[in-house]
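Only one structure is covered here, and it is reproduced in the block below.
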Amino acid sequence: MVHPTTHPPRRKDVERIVRQVLAELGSGRRSVSTNGESPGELVLISKVVSLADVEGRLGGVSRVVVAPGAVFTPAARDLLRKHNVAIASAVAANTTRSQPLAFGVAETNYQASPLVTALAAERVNLEQVPQSGLLEVVDELCERVVKQGQLGLLITGQTAAALCLANRNRGVRAALGASVQAVTDAVEAIAANLLVIDPGGISFFGVRRMTREFAKLGWKSCPMALRERLD
């Protein structure tokens, strides 16, 4: 019996397959704007760097900077070697603010200790402000948001008044937390930096999840279109 002869795949075929996979994944080929590049650098954020990503782009380039874990197809690597271009892995900058989340309770009988303890176990640090009246707590939280760059969390039974008071402060973008999705939407839409939650009718688990999501999303810059009015 004669076995068919097998041949290793050609590099052109490898490149074609890689491009097809990228297209199916919807990731495509992307490169970072040269505004963030140093002279002699080509910065790519593709997870798979193919020949098409680098071909015709290596003039004056001494190194290619890629995301950690990025892989190169054989043809792309050969082209870089031919042009004596080094490969460097970028170190992602940590833009999340490290301050603890400023936390206040007013006009409610909510017991905060279990929430603080549960979130601390998940590495979400809540720093509680002195508990007093609604006006004082809102003022303290707003000052920390504006002057110290902390995210703020207010648990209160008077959400309408709290939101009105907080949003009178320049730079404060207070939003109502009714669900995890509402929190995500508020951060995306206005870069909310003060979350107001009414614990009535919301389980402990619900408050915990919303707070955790808010902390995870972190501090965001105000959208450019709203910056003149909100920031």
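The values are calculated or read from the model by the stated rules, or taken from the named source; none is laboratory data. No experiment lies behind these values; they were computed from the predicted model shown. Positions of Cβ are generated from backbone atoms using ideal geometry, with glycine treated the same way; all protein chains shown enter the neighbour counts. For accessibility, only protein heavy atoms count, side chains too; no ligands or nucleic acids. Shrake-Rupley method; radii C 1.70, N 1.55, O 1.52, S 1.80 Å.
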In whole Hz and in residue order, list the ³J(HN,Hα) couplings for the stretch 205-214 that follow from phi through the Karplus curve 6.51 cos²θ - 1.76 cosθ + 1.60, θ = phi - 60°; x for Gly and Pro. 4, x, 5, 5, 5, 5, 5, 4, 5, 4
Just how far, in whole angstrom, is the stretch 205-222 from the stretch 102-168 if you go by their alpha carbon centroids? 13 Å
Cut-off under 5 Å, modelled amide H: who pairs with GLU41 long-range: SER62
Sticking to Cα atoms, compute the Rg of the stretch 138-231 to one decimal and its Dmax as the biggest Cα-Cα distance, whole number, in Å. 12.3, 37
What are the ³J(HN,Hα) values, in whole Hz, obtained from phi via the Karplus relation 6.51 cos²θ - 1.76 cosθ + 1.60 with θ = phi - 60°, for each residue of the stretch 180-191 in sequence order, with x given for Gly and Pro? 4, 5, 5, 5, 4, 5, 5, 5, 5, 7, 10, 6
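What ranking, highest mean first, results for peptides 198-208, 143-153 when packing means the other Cβ atoms within 10 Å averaged over each residue? Before the final figure, lay out the partial values.
Values: 198-208: 14.7, 143-153: 19.0.
Most protected by this proxy first, the peptides run 143-153, 198-208.
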Taking the stretch 42-148, the whole-percent share of alpha-carbon pairs separated by over 24 angstrom is 53 percent
Once neighbouring chains are kept in place and the probe is 1.4 Å, which whole percent of the accessible area of the stretch 101-169 is contributed by carbon and sulfur? 46 percent
Sorted list, accessible surface of protein heavy atoms, 1.4 Å probe, largest first, for PHE103, PHE72 is PHE72, PHE103
5 angstrom amide H check on PHE103, placed H, neighbours 5+ away: GLU127, GLN128, VAL129, LEU153
